[in-house]
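Here's the structure we're looking at; comments come further down.
The values are calculated or read from the model by the stated rules, or taken from the named source; none is laboratory data. The structure displayed is predicted, hence computed values, not measured ones. Cβ: placed from backbone, ideal geometry, glycine included. Neighbour counts: every protein chain shown.
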Amino acid sequence: MTLTLDARVASRGADLSLTVEAGETVAVLGANGAGKSTMLGLLAGLVRPDSGSGVLDGETLFGPGVWVPPHRRGVSLLAQEALLFPHLSVLENVAFGPRSSGVGSPASRARALAWLAEVDATEFASRRPAQLSGGQAQRVAIARALATEPKLLLLDEPMAALDVTVVPALRAVLKRVLAGRTAIIVTHDVVDAFTLADRVIVIDGGRVIDSGPTRQVLQHPRTPFAAALVGLNLLPDGRTVAPSDVTVSTSARAGAVAGTVDGIETRGDLVRVRVGDLAADLAPARFADLGLAPGDRVWLNY
Amino acid sequence: MKTLGGVPRWVVVIACVGAAFILLPLVAIISRVNWSQFIPLITSQESVAALVLSLKTAGISTLLCLVFGVPVALVLARTRFPGQRVVRALVLLPLVLPPVVAGIALLYTFGRQGLLGSTFTFLGIQIAFSTTAVILAETFVAIPFLILSLEGALRTAGSKYEVVAATLGASPTVVLWRVTLPLIAPALISGAILSFARALGEFGATITFAGSLQGVTQTLPLDIYLQLETNPDAAVAMSLVLVAVSIIVVGLAHRGANPELFRP
Amino acid sequence: MKKIAITAIVVGLALGATACSAATPASTPSATKTSAALTGTIQVYGAASLTAAFTELAIDFEKANPGVTVTNTFNGSSTLVTQIQNGAPADVFASADTVNMEKLSTSGLVAGTPDVFATNTMEIVVPKGNPAKITDFADLAKSGVKTVVCAASVPCGAAALALEKLTGVTISPVSQELAVTGVLSKVSSGEADAGLVYVTDVKGALPAGQVEGVTFTESPQVVNTYPIVALKNSKNPRVAQALVDYITGKTGQALLKADGFGKP
């Protein structure tokens, strides 16, 4: 079940190419507006490319003169919101996919129950979506997406809208169901990338700018965005340095780089000072001693 | 005492006058009813024939409104094509058109000398002076109510559920029946009820296009108008019946519009 | 919906009546005292079939009496009676039948005795070219002929019914219209093959050349009489009576004759 994508969408400034091997889960990282949604839209059949093609498991999804509509692609999409059909029960929601593809009612229900069990949601089967919490609803949505037995599963920041307390449990569910499955997960959370993905690609400005095994891409970042994701500063020479290893002073020093304070934010028991592309973490006492404010001239050592 | 909820007192006063303006005529009708003769008046053969015809034609019109109005609303709300604004405006035209103008327009469309008249005559179908003409007139004036209410609901509901359904393998037809229509069911019901009410009250287009014949084209409003000339007591009694039916219909529409289903 | 409209009309008329009576310049006291010249405004309520004739008569009367303004209101006789009974500001009433005039007399709203000023008989009206080849009254009952008549409760319908009794011909109309104008419009648009209207309607049919009249032998045997009277509540009784005299007098009679009305 190999997936290859190579497409251009002029109106969104996107020129994307990507290959996903059978059974591989790929995490897509990138800033807002980088082109992640466009990529999912192209694969799900919600965005029409100006040129290019997409092939899933030997079958052309789109290409010159070919356009397979969303419902015949075998591509399921799990979004930020669960979007369970409000007029159907949880069980009917999960059985919706199999029913739509022509599976009989009893068989569909059996399949739905099996998938609800897989995501630990059997007890909600007879409930209405309005009676579920956000995390419960998203678990049902996962079961619903998988009950169609998709050739490719797309996940669009599936945990971004959830309460942080339920995220670990849902991540565990996803880890279980994504094992050995061809899937693409768009995420902002580096933990998702580490736990769920075999490989990571980084998108910026509508193009794939970095790609490789998760650990390689994230531990040795080659883009400022990837570096920021793992909390590292990417230096002009390609080295990385942790913000806690950067020292700040208000007077010029040998070997220091001059800059202007762009932002100050409190992070737990540290204060992060942003200077251009670089971040420095200071102890609160040190920060107070320096008396920094945005716009101040500073010198950084690392 | 109920609170005014921040509404200026003078607004409340004007509101009372406005409400009285609507309610007083209803009270006036009730005060004019000849109660001792009420039952015989509304069960007279002529009245019953008119009421039955009215309910029948309004019912069939409502079905036609659904059959043709739902697709129009879907196309207007979900697709994009050149001239869409113009089409939307024109489709809603019967809403503001004087009914008599609607009657004339229908006459010149489906009448013997009309645009489609010769086609129908060729097929052996005579529309003018038939119950079909009444149904056409009622459908013409009632269908914008359904389209308006559905298009609004479709836009509010958005297409996100439909997108999800498609990625779950549902064809557009399955999406329509199992997702779109159930989601807009409240608007569908209230729109249908409003259309029924409008069809029930149709007068101008009917008298212009369909004529008036007991049991065939003489609906309740036509009968009331005619009775007013000779038997005002019967006209008042039948008016009250129509008021009662309308109140029931409005009540149902309010229930149908209950937004409960929309809550995620 | 229509019942609300009807009520609204009644309310509107009541309001209008108050407004009008207040606004009417009426006869200024000085004018009535000083000279015999007639001044002021009067409202004439006339049967619909008098529209053409009375419009002309009013213009002539105003020419003869430069200080006078005549406003005409035309409608079904029974509708006008109801309106006058409910306080409509009419000064003169001309009915298309004696029944409605009697209703008004019984209510004690007339000044003096009504005078019959014209008669009218029925004629068959057919679309231009007479497509159904109607030549006499019996043709109206032939199968396949779409005949339109007035409802029995309006004077032109009563006359049609009388003709049916007289000739022994039973017409199965495709529509029983609420007014004679409805019959005319159904025929002139070509929807109906024939209709029964007043002789004067055929003559004065406004879409000139759209309809033709077909006379029949029994026609003179059913005669509608038109009585006219000045009304008791007139604000300008002198002018009102003068107009009645004018219409029953030589000039008025000549004009009515020219329009196709028969002698009283």
**Asked** Where in the range B:72-183 are the helices (runs of 4 or more DSSP H), entirely inside, with at least 2 residues that are within 14 Å of chain A (Cβ to nearest Cβ)?
**Response** B:131-157, B:160-167, B:172-175
**Message:** outside any strand (DSSP E or B) and farther than 30 Å from residue A:170 by Cα: is that true of residue A:237 in this structure?
**Reply:** yes
**Asked** Does at least one position in the range A:29-43 carry a residue that is within 12 Å of chain B (Cβ to nearest Cβ), touching a Gly at 6+ places or on another chain (Cβ under 9 Å) and outside any strand (DSSP E or B)?
**Response** yes
**Request:** Could you give me the residue pairs with C-beta distances under 6 Å whose first residue belongs to the range A:102-113 and is under 21 Å from residue B:171 (Cβ atoms), whose second residue is charged (D, E, K, R) wherever it lies, and which are 6+ apart or on separate chains?
**Result:** A:108/A:99
**Message:** Of all residues being of a type in the set (A, V, I, L, M), in a loop (DSSP other than H, G, I, E, B) and more than 14 Å from every other protein chain (Cβ to nearest Cβ) in the range C:89-117, which is nearest to the chain's Cα centre (by Cα)? Just the residue, please.
**Reply:** C:90
**Item:** Candidates A:192, A:204 - the one that is among the acidic types (Asp, Glu) and crowded, with 23+ Cβ neighbours inside 10 Å
**Value:** A:192
**Item:** Residue check, residue A:91 touching a Leu at 6+ places or on another chain (Cβ under 9 Å) and farther than 30 Å from residue A:17 by Cα
**Value:** yes
**Request:** Quick one: which residue in B:170, B:102 is modelled with pLDDT of 90 or more, over 30 Å from residue C:185 (Cα atoms) and not aromatic (Phe, Trp, Tyr)?
**Result:** B:170
**Prompt:** Going by the conditions given, is residue C:166 outside the structural domain of residue C:59 (by TED's automatic domain parsing) and either farther than 20 Å from residue C:60 by Cβ or assigned to a helix (DSSP H, G or I) (or both)?
**Reply:** yes
**Message:** Within the range C:180-189, does at least one residue satisfy the condition of being farther than 24 Å from residue B:230 by Cβ and basic (Lys, Arg)?
**Reply:** no
**Fill in**
Among residues of the range B:209-223 being surrounded by 24 or more Cβ atoms within 10 Å (Cβ to Cβ) and of a type in the set (Val, Ile, Thr), the residue nearest to the other protein chains (Cβ to nearest Cβ) is B:217
**Wholly within the range C:177-259, strands (runs of 3 or more DSSP E) carrying at least 2 residues that are more than 23 Å from residue C:161 (Cα to Cα), modelled with pLDDT of 90 or more and within 14 Å of chain B (Cβ to nearest Cβ)** = none
**Item:** Test: residue in the range B:109-131 that is of a type outside the set (Phe, Trp, Tyr), touching a helix residue (DSSP H, G or I) at 6+ places or on another chain (Cβ under 7 Å) and modelled with pLDDT of 90 or more
**Value:** yes
**Item:** Residue check for residue C:152: at pLDDT below 90, more than 14 Å from chain B (Cβ to nearest Cβ) and either over 23 Å from residue C:228 (Cα atoms) or in a loop (DSSP other than H, G, I, E, B) (or both)
**Value:** no
**Asked** Considering only the range C:43-64, how many residues are surrounded by fewer than 22 Cβ atoms within 10 Å (Cβ to Cβ), under 24 Å from residue C:157 (Cβ atoms) and either among the aliphatic types (A, V, I, L, M) or not assigned by TED's automatic domain parsing to the domain that holds residue C:91 (or both)?
**Response** 2
**Message:** Tell me yes or no: at least one residue of the range C:102-112 is at pLDDT 90 or above and within 22 Å of residue C:200 (Cα to Cα).
**Reply:** no
**Item:** Subset of the range B:163-183 [without any contact (Cβ under 8 Å) to a residue 24 or more places away in the chain and crowded, with 18+ Cβ neighbours inside 10 Å]
**Value:** B:163, B:164, B:165, B:166, B:167, B:168, B:169, B:170, B:174, B:175, B:178, B:179
**Asked** Does residue B:5 satisfy the condition of being farther than 29 Å from residue B:213 by Cα, at pLDDT 90 or above and small (Gly, Ala, Ser)?
**Response** no
**Every residue from the range C:62-88 that is in a loop (DSSP other than H, G, I, E, B) and over 18 Å from the mean Cα position of the chain (by Cα)** = C:65, C:66, C:86, C:87
**Item:** Condition check for residue A:295: part of a loop (DSSP other than H, G, I, E, B), within 16 Å of residue A:30 (Cα to Cα) and of a type outside the set (Ser, Thr, Tyr)
**Value:** no
**Complete:** Scanning the range C:121-149 for residues that are under 28 Å from residue B:225 (Cβ atoms) and in a helix (DSSP H, G or I), the one farthest from the chain's Cα centre (by Cα) turns out to be C:141
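Every residue, every condition in (1) charged (D, E, K, R); (2) closer than 12 Å to residue B:168 by Cα; (3) out of contact with any Lys or Arg (no Cβ under 9 Å at 6 or more places or on another chain); (4) more than 10 Å from every other protein chain (Cβ to nearest Cβ), yes or no:
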position: A:63; (1), (2), (3), (4): no, no, yes, yes
position: A:68; (1), (2), (3), (4): no, no, yes, yes
position: A:78; (1), (2), (3), (4): no, yes, no, no
position: A:88; (1), (2), (3), (4): no, no, no, no
position: A:98; (1), (2), (3), (4): no, yes, no, no
position: A:108; (1), (2), (3), (4): no, no, no, yes
**strands (runs of 3 or more DSSP E) wholly inside the range A:116-222 that include at least 3 residues being touching a residue at least 12 places away in the same chain (Cβ under 8 Å), farther than 24 Å from residue A:90 by Cβ and away from chain B (no Cβ under 14 Å)** = A:199-204, A:207-213
**Request:** Could you run through the range B:184-199 and say how many residues are within 11 Å of chain A (Cβ to nearest Cβ), part of a helix (DSSP H, G or I) and surrounded by 24 or more Cβ atoms within 10 Å (Cβ to Cβ)?
**Result:** 0
**Request:** Scan B:15, B:28 and give me the residue that is over 21 Å from the mean Cα position of the chain (by Cα), over 15 Å from residue B:240 (Cβ atoms) and free of Cβ contacts under 8 Å to residues at least 40 places away in the same chain.
**Result:** B:15
